[in-house]
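Reading through the C-alpha cells given below for one structure.
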Amino acid sequence: MYSFSPTEEQQMLLDAIGRYAENDLRPAAREADEETHFPPNIIEKGWEMGVLQASVPDEYFGFGEHSAVTGVLAAEAMAYGDLSGTLAVMVPNLFVLPLLFCGTEEQKQEHIPPVIEAEWKPYTAALMEPKFDFDPNDLATVAEADGEDYVLRGEKAFVPFAAEAEKMIVYANLDGETQGFIVSADGEGVEVGQRQKLLGLNALPLFTVNLESVRVPQRDRLGGPEGHDFAPIIDSSRAALAAMAVGMSKAAFDYAVEYAKDREVFGVKVAQKQAIAFMIAEMGTEIEAIRMLVWEAAWMLDNGQREASKTAYLALTGAANMAMMVTDRAVQILGGHGYIREHPVELWMRNGRGFATFSGLAMV
Amino acid sequence: MIDFSPPKPIKQMNNVVETVAVNMMRPVSRYFDENEHEIPWDFINFMHTAVKSMGGISMAPDEKKEKKKDADKKKKKHPPIGYQRLAHMVEMLSWGDAGMYLCVPGGMLGSAAVSAAGTPEQKKRFLTRFMGDEPVFDAMAMTEPQAGSDTSAIRATADLDEETNEWILNGEKIFVTAGDKALEQSNGFIVVWATIDTDAGRAGMRSFVVEAGTPGCSVTKMEEKLGIRASDTVSIVLQDCRVPYENILGSPTVKKTTKGFKGAMKTFDATRPIIAAQAVGIARATLELLKEELEKNGVTIRYGTPRQKLTNIEREVIDMEVQLRSAWLLTLKALWMADNKIHNPKEASMSKVIGGDVVVKITQKAVALLGPLGYSRDMLLEKWFRDAKITDLYEGTGQINRLVVARHILGYRGSQLR
C-alpha cells in the first residue's frame, strides 16, 4: 500500500536532525570549509543524535533496528545543514554497517560495541582509488591469499579521517570480487599519505592510503573465510549519497528561492521574472522526483526487493545529475553574488559536482 | 510508514488491464493510427462491459461511493486508493495505446466535472447513463480559438431566458477530446464552459452540461492530428443552444470572488497527474521496446557500472530509466495526496511538468537511438513519438504548469507572477 509519509518516530528524529542541521551544521559550514576543519564538538553533537546507534540491535549495544528508509531520511535532513559535516558525523557508519550487514557473529561482537558505546571516533573505510574510471566492482587494489592470511596491495584515495583512524575496512579485489578486510590504521604496511585537496568537501579530512603488502589474518576478512557479498555495501552507499544529494540540493534551492523573492530588478522581484521562476519550478520538481526515487531505493533495500541494487544505482545516478543542475542554477539565480563566498551557493555547487564521483563515502 | 508496494487490488487490476493492452490494443494500434477518425468499436464495447462490471471508472471517483467506501474502510483501516488505481489503469492503457485509451467510454473530463461540481440530482441525471447497455461518452469543451490555457479569455456566453427558465448558450469550442463520440456516436454529453456575466471575468465563468441531441449544438470539424489519432478531437458550435436551468454546474449567481473558478481549477489536481500517468505509460512502452531491440542487437545495459566505463547508449538508457521512474513516483505521490485529501496543486502540476518532459525526451531519444528502425513505421516507436507530445500540451502545457509550480513554491498569486 503506497504511502509517502514517515512514521511518527521517524518524524521526531527528522525534526531533531532538522534543528541540528539548521542551528549547528549550517552556521559552522562556511568557516569549516575555509579552515578545512569541522569543529569536533559539532561532530560529537551530531553523533549523539544516535542515527547509527539506533540502527544497531541491542546485542551489539545499539538500541534499535537497521532501516535504510530511516537512514536516507536522516541523511537527507542532515545534509540540508552541511555535506562535509554530515559525512563526518556519519563516518563510523562506514565501519559499523558493513560489519552489521556482512560480518560474522564474532566480528560483530568484537568490533561494533567499541564504536557504538563510545563518543564519536574515526572508524572509517577505504574504497575509492585514484583513477579516472574507478569502479567499486573492479578494484585495482588486490588481495592475495597467502597461507592463513591475505596480503593487500594498492593505493586508496578519499579515505575519511585516515590519519587519526583507529580501524578501517579496506576493500580489495580478491579473485575478481570486491571484499572487505578489517585493518588497523597503524598496522604494518598501511601508509597514510597527504591530506587531499579537492574541489569541495574541504572541511572533511580525506587521505590517500598506500597499502604496502598489508597482512590481514583470515579472521579479519569481512564475513570470515567465506567472505561476503559486496552488493549490500555499495547499495547502502549509493542510497546514502543520493539522499545527501537531495538534502544539499534542497538547501541550495531554498536559499535561491529566498534570494529571488528578496532581490529587486526592474521594479519587481527577480522571482517574478518567468526566466527565473521557470528555473525554480524545474529545480523544485526535479528535487521532489529524485527524492521519491531515493526513498523507493531505500524501501527496496529494506524489503529485499529484486530490483533494489539497480534502483539504488539509478537513484544515485539521478541524484548526481539533479544536484549539479540544482546547485548550478542556485548560483545562477544569485547572479554575480552567487560567485562570491559570502553566500553558500558556490560551496553547494562545488560539493554538488562530487556526487558523480563519491563512492563509499557514506552509508545508511 | 513509507511504502512503495502497490495495494493488492491495484496489482490484480493491473494484470487484467495489461492483458487488455497486449491483446486488444497493441494489435490494432497501427491500424487506428493510419485510419484516423475510424472508431475502435471492438475495443470500446469490450471496455464498456469490463468497466461496467467493475462499477465504472471516472476521472473523479464518485464522492458518495468514496464516502461509503471510506466509512467501510475505516473499519478495516484501508486508506482510499481511487486515484492511485486510476493512475495505474491509465498508465497501463496508455502503454497499450494512448489514443485508444482516450476512447474508453465514460471516464473523460466531462464526467469528472460533474462528479466534482454537480449536485446529487445532477450526478444521477448525467452519470447513470454510463452504466447502460451501450457505451456512452462524455467530453469537456473549454478551449476556444482565442482562449487556450488562458481560460479567463473564454467568450462563449450563457444567458438565462427567465420565461422558459433555460440557459441559452452561444459560442465556439475547439479541441474537444471525444466530442464526436459524446455527441454524435452515443447518448452522451459535453460540459461547456461559458460566462454568465461578460463583465465579471473569471468570476462569471460557469460550466453547463449539454446533452447529445440538444438543438443548436453541433460538431463542425474533426481535427487531423500529429498523434493520438484513434481519439477524436472536434470543434463544436453552440448557436442559441438551449439547456434546462438545472444543467448549470455550481452556483448561478455571480459573486465578486473567483471561488467558483478556483473550484473548477481544482479538477486539475486530479486530472494533471492522470495525464502524467498517461505520459509515463507511453514512456514505459518506448523504453521497454528500446531495450528489447538493443538486446536483440547484443547491447546489454550494465547497471552498477561507473559512467566512465559505459557506452553512450547505455548512459542514455540509464538516464531514461531514472527519468521514467522518478516521474512515475512523483505522479503516484500527487495522487496519493489527492486520495488522502492532502492539498496537492503543486505536486499535481509538478507531475504534469515532469511527465510531459520525460515522455517527450524518451520518445525522441528512442527514435534517434534506433536509427532507421526507430524512424520506420514498421515499429510503433515513431507513433509513440507523435502520441507523446500531447501530454505536454493538454490539461495545461508544460509552461503553464511550470507557472503553477513556481507560484506555489514562491507563494505568489497570478498577479505577482504572470
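Model label points for A:GLU148 and B:LEU310, set 7 angstrom from Cα along the Cα-to-Cβ axis, are 4.6 nm apart. The HN-Hα couplings worked out from phi for the range A:205-218 by the Karplus form 6.51 cos²θ - 1.76 cosθ + 1.60 (θ = phi - 60°) are x, 10, 10, 8, 9, 9, 10, 9, 6, 7, 8, 10, x, 4 Hz, whole numbers, x standing for Gly and Pro. Once you sort the root eigenvalues of the Cα gyration tensor of the range A:21-143 as a ≥ b ≥ c, which label holds: rounded (a/c under 1.5), prolate (a/b larger than b/c) or oblate (the other case)? In terms of gyration-tensor shape, oblate. The separation of the range A:198-242 from the range B:198-231, counted between C-alpha centres, amounts to 64 Å.
Helix A:93-102 axis versus longest C-alpha principal axis of chain A: approximately 50°, rounded to the nearest ten. Percentage of Cα-Cα pair distances in the range A:124-226 greater than 18 Å, rounded to whole percent? Roughly 42 percent, once rounded to a whole number.
Compared with the dominant Cα axis of chain A, that is its longest principal axis, helix A:345-354 is turned about 40°. Once both labels are positioned 7 Å from their Cα atoms along Cα-to-Cβ, the gap between B:THR49 and A:ARG30 label points is 7.2 nm.
Peptide B:398-404 has a mean of 3 when you count, residue by residue, the C-beta atoms of other protein chains within 10 Å of its C-beta. Under the membrane-span-like helix rule (DSSP H runs whose alpha carbons stretch at least 24 Å along the helix axis, mean Kyte-Doolittle hydropathy -0.5 or higher), chain B yields B:268-296, B:312-339, B:345-369. The trypsin sites (Lys or Arg not before Pro) of the range A:290-360 that meet both conditions, a loop assignment by DSSP and at most 13 other Cβ atoms within 10 Å of the site Cβ, are A:ARG306, A:ARG341. Structural size metrics of the protein assembly as shown, computed from C-alpha coordinates, are Rg and Dmax of 29.3, 105 Å. Label point of B:LEU226 set 7 angstrom out along Cα-Cβ; within the range B:353-374, amide nitrogens under 14 Å from it belong to B:356-365. Think of each Lys and Arg Cβ as +1 and each Asp and Glu Cβ as -1; about the Cα centre, that makes the dipole of chain A roughly 1440 debye. On a 0 to 90° scale, report how tilted helix A:68-79 is relative to the longest principal axis of chain A, with both axes built from alpha carbons and the result rounded to the nearest 10. Its long axis makes an angle of about 50 degrees. For the peptide B:336-342, the mean number of other protein chain Cβ atoms found within 10 angstrom of a residue's Cβ is 2. Dipole check for the range A:8-117: with +1 at the C-beta of Lys and Arg, -1 at the C-beta of Asp and Glu, and the Cα centre as origin, the magnitude is about 200 Debye. Relative to one another, the C-alpha centroids of the range A:71-141 and the range B:1-20 are positioned 37 Å apart. The residues neighbouring B:MET24, those whose beta-carbon lies less than 12 Å from its own, together hold a net charge of -2 under the Lys/Arg +1, Asp/Glu -1 convention.
Remark: mean inter-chain Cβ contacts per residue of A:264-276 equal 2, using a 10 Å Cβ-Cβ cutoff to other protein chain atoms. Between amide H atoms placed 1.01 Å from N, distances below 5 Å from B:LYS221 occur with B:SER235, all of them 5 or more places distant or on a separate chain.
If you take all other residues with their beta carbon under 15 Å from the beta carbon of A:PHE101, and give Lys and Arg +1 and Asp and Glu -1, the sum is -3.
Pairs of Lys residues in the range B:264-410 are counted when their Cα atoms are under 16 angstrom apart and they lie 8 or more places apart or on different chains; the count is 14.
Shown is the FRET efficiency for A:ASP133 and B:ARG413, computed with R0 = 51 Å from the Cβ-Cβ distance and rounded to the nearest 0.05: 0.50. Please identify which residues in the range A:53-71 have an amide N closer than 14 Å to a label point set 7 Å out from the Cα of A:GLU105, following the Cα→Cβ vector. In the range A:53-71, the label zone of A:GLU105 (backbone N under 14 Å from the point 7 Å along Cα→Cβ) covers A:59-60. For A:VAL209, the amide hydrogen comes within under 5 Å of the amide hydrogens of A:LYS156, A:ALA157, A:GLY193, counting only partners 5 or more places away or on other chains and with H modelled in the peptide plane. Close Lys pairs in chain A (alpha-carbon distance under 27 Å; sequence gap of 8 or more, or different chains): 26. Peptides A:7-18, A:88-99 ranked from most to least packed, by the mean per-residue count of other Cβ atoms within 10 Å: A:88-99, A:7-18. From most to least packed by mean Cβ count within 10 Å, the peptides A:118-128, A:26-36 give A:118-128, A:26-36. What the phi angles of the range B:174-187 give under the Karplus curve with 6.51, -1.76 and 1.60, with θ = phi - 60°, is a coupling list of 10, 6, 8, 6, 6, x, 5, 5, 6, 9, 9, 9, 7, 8 Hz, glycine and proline written as x.
Summing Lys and Arg as +1 and Asp and Glu as -1 over all other residues whose Cβ lies under 11 Å from the Cβ of B:ARG125 gives a net charge of 0. The label point for B:ASP133 and the one for B:SER251, both projected 7 Å from the Cα toward the Cβ, are 4.4 nm apart.
Using a cutoff of 8 angstrom between alpha carbon atoms and counting only pairs six or more residues apart, the relative contact order for the range A:8-117 works out to 31 percent.
A short reminder: the numbers here are calculations on the coordinates, not readings from a lab. Nothing here was measured: the structure is a model prediction, and the numbers come from that model. Virtual Cβ from ideal backbone geometry, glycine too; neighbours counted across all protein chains shown.
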